[in-house]
Amino acid sequence: MNFHKICIMGLGYIGLPTASTFATHGLKVLGVDINPTVINTLGTGEIHIHEPGLREVVARAIRSGNFSVSTQPEEADAFIIAVPTPFREDAQGKYNGRKYKLADMRAVISATEAILPHLRKGNLVVLESTSPPRTTVELVKPILEKSGLKAGVDFHLCYSPERVLPGQIMRELIENDRVIGGITPKSAKAGRDLYEIFVKGEIIETDATTAEMVKLMENTTRDVNIAIANEFSRLAEKFGVDVWEAISLANRHPRINILSPGPGVGGHCISVDPWFLVEAAPDLTSLIHHARQVNDAQPHFVVEKVKQAFIALSGVAPEAPRSRSAAAESILKNKKIAALGLAYKPDVDDLRESPATEVVHLLQKEGAQVSVWEPFKPDADVKGGDMASSLDAALKNADAILLLVKHTEFINFKPDEIASKTKARILIDCVNGWDKQQWEKAGFQLFRLGVNKSPIL
Ligand SMILES: NC(=O)c1ccc[n+]([C@@H]2O[C@H](COP(=O)([O-])OP(=O)(O)OC[C@H]3O[C@@H](n4cnc5c(N)ncnc54)[C@H](O)[C@@H]3O)[C@@H](O)[C@H]2O)c1
């Protein structure tokens, strides 16, 4: 199939890189977004998201004359849907007493409905949004068939999961292998014809529901693997072990690859997508459900860690659990904590579902005064904390420094320099970002998540 013009619905972290890449490979691209701010920003040649290399590709796409933006779709040879699929805030499901989150598919529905008046015989429609199993055939197809055209006969319909790594999107978009699931083999072939325009990785054709499952299985596997690493961090603290050392030793086994624990799991994908499987089959997903709960509870574990650090310094004997928990009730009240990082992972500006924001919120509920520094989003709106205007401002009056995200610039801090900017001498490192010896030499006491010298027996 040949393509001259395509229309991309949703110009976020996925849609904008995809649209600009197609445009720089010679296609006429209309990028559509319902958010007028996005359209206005792109209209002035600016971009609204931080992603390395994106600005240059968008600028080239605009200069080529191939890329335009609008709040409304138009007729095109192909339509790609890359709109958000978060979970619903207003409702939950329940199975056997276990609550689970529900997919919010409203954006997919409205984007598909917006395409409907422009759908013509011979078109290709591709859903890229991560979606519950059978969304393509049971949700998108019936909407498009309201046009009177038959999917798989009059127009092609595919699901193609996006598997790029934020921070590496521009490279991975082109180099990663791409799975294309058609509702018929001919649809999958049409999808291949489209993505072949720029994809250098292997393109693998399959059916639409398999392609949906592939994406959900990938993210669910990571979620479950992080959950076990997080549980290991709790066990290590109980038994007086350094979890980071234990993991690095365990990973010397040729068939073991334990992931890193941390303050939880965030982002638009890994903390959301497993719920799509739970919702689709709550009776078959007890492990997946439990892993979600473990990861969602990890910010509470971080707050306990912060309390323990203050208790350790206040002289309450660490081996006396009762007095420790009694002291813990108020130990954070009015404590000034500099929280470093809010993003859900290193070196990105994406705060969606970030466990760091939850940690800040929980600390504030305990009475702490939290000053937050997020270099990738200094103007973020954070529930329960104040955004500092600079790193120095965050550190200035702090009693303790909490490292929540492994941003490169945080890892490269020089301990002596930081010591001169703050009176804080307590560090709580949730991501194994700082070297104990170096920081102790500069006068700090370092507490690391998953490390406890005194077993809690
Ligand atoms: N961000 C990632 O790293 C990533 C990776 C793989 C898959 N995904 C999936 O891709 C999809 C898009 O994610 P994203 O990160 O690009 O989201 P995003 O929030 O960054 O961008 C989505 C854009 O779609 C726009 N939008 C919402 N409803 C619309 C509509 N009806 N018509 C047109 N535009 C609409 C929004 O205004 C927004 O600008 C999601 O399903 C996500 O799970 C994301």
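Once you charge only the Cβ atoms, +1 for Lys and Arg and -1 for Asp and Glu, what is the size of the charge dipole of region 137-260 about its Cα centre, to the nearest 20 debye?
Numbers: 16 positive and 19 negative charges, 21 e Å.
Dipole size: approximately 100 debye.
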The Rg/Rh figure for region 226-278, Cα atoms and Kirkwood Rh, to two decimals is 1.06
Hull volume per residue for region 142-247, using the convex hull of the C-alpha atoms, in Å³ is 138
For region 27-116, the percent of all C-alpha pairs falling in each 5 Å bin, from 0 up to the bin holding the max distance, is 3, 11, 17, 18, 17, 12, 8, 6, 4, 3, 1, 0
Lys and Arg at +1, Asp and Glu at -1: neighbours of residue 90 with Cβ under 12 Å from its Cβ sum to +1
For region 149-236, the accessible surface attributable to carbon and sulfur atoms (probe 1.4 angstrom, ligands and nucleic acids excluded) amounts in percent to 56
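Please state the relative contact order of the chain as a whole percent: Cα pairs under 8 Å, 6+ residues apart?
Numbers: 975 pairs, mean separation 54.2, N = 457.
The value is 12 percent.
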Ranked output for segments 335-343, 250-258, 133-141, 171-179 by mean other Cβ atoms within 10 Å, highest leading, reads 335-343, 133-141, 171-179, 250-258
Region 40-139 accessible area per residue, 1.4 Å probe, protein heavy atoms, integer Å², reads 48
To the nearest 20 debye, the chain has a Cα-centred charge dipole, built from +1 on Lys and Arg Cβ and -1 on Asp and Glu Cβ, of 740
Counting only DSSP loop positions in region 196-269, the chymotrypsin sites (Phe, Trp or Tyr not before Pro) whose Cβ has at most 16 other Cβ atoms within 10 Å are 198
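So how do 125-131, 163-169, 396-402, 38-44 stack up, highest first, on mean other-Cβ count within 10 Å?
Working: 125-131: 25.9, 163-169: 18.3, 396-402: 21.6, 38-44: 16.0.
In descending order of packing, they fall as 125-131, 396-402, 163-169, 38-44.
Sorting check: for 46-55, 84-93, which peptide has the highest mean count of neighbouring beta carbons within 10 Å, and how do the rest follow? Numbers along the way, then the final one.
Values: 46-55: 16.1, 84-93: 14.3.
Result, highest mean first: 46-55, 84-93.
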Rounded to the nearest 500, the 222 nm mean residue ellipticity computed for the chain from DSSP H runs (n ≥ 4, each -39500 (n - 2.57)) alone is -11500 deg cm²/dmol
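Net charge around residue 259, counting only other residues with Cβ within less than 13 Å of its Cβ (Lys, Arg = +1; Asp, Glu = -1)?
Details: positive: 222, 345; negative: 223, 231.
Around residue 259, the charge tally is 0.
Assuming 0.36 nm per residue, please report the length gained on full extension of the stretch residue 214 to residue 74 beyond their Cα-Cα distance.
Values: separation 140, 0.36 × 140 = 50.40 nm, distance 3.09 nm.
Length gained, residue 214 through residue 74: 47.3 nm.
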Judged on accessible area alone, 1.4 Å probe, highest first, 77, 349 line up as 77, 349
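So, counting K/R as plus one and D/E as minus one, what does the shell of residues with Cβ under 10 Å around residue 380 add up to? List each step's numbers first, then the result.
Numbers: positive: 377; negative: 349, 374, 379, 381.
Value of the local net charge: -3.
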With the chain reduced to its Cα atoms and the Debye formula applied, log10 I(q)/I(0) at q = 0.08, 0.13 1/Å amounts to -0.53, -1.17
The size of the Cβ-based charge dipole (Lys, Arg +1; Asp, Glu -1) of region 231-299 about the Cα centre, to the nearest 20 debye, is 240
Here the FRET efficiency for residue 283 versus residue 420, based on Cβ atoms and R0 = 45 Å and rounded to 0.05, is 0.15
Simple spin-label estimate for residue 365/residue 118, 7 Å along Cα→Cβ, in nm, reads 4.4
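The values are calculated or read from the model by the stated rules, or taken from the named source; none is laboratory data. What you are looking at is a predicted structure, and each value in this text was computed from that prediction instead of being measured. Positions of Cβ are backbone-derived with ideal geometry, glycine not excepted, and every protein chain shown enters the neighbour counts. Surface areas here come from the heavy atoms of the whole protein model, side chains and all, with no ligands, DNA or RNA. Shrake-Rupley method; radii C 1.70, N 1.55, O 1.52, S 1.80 Å.
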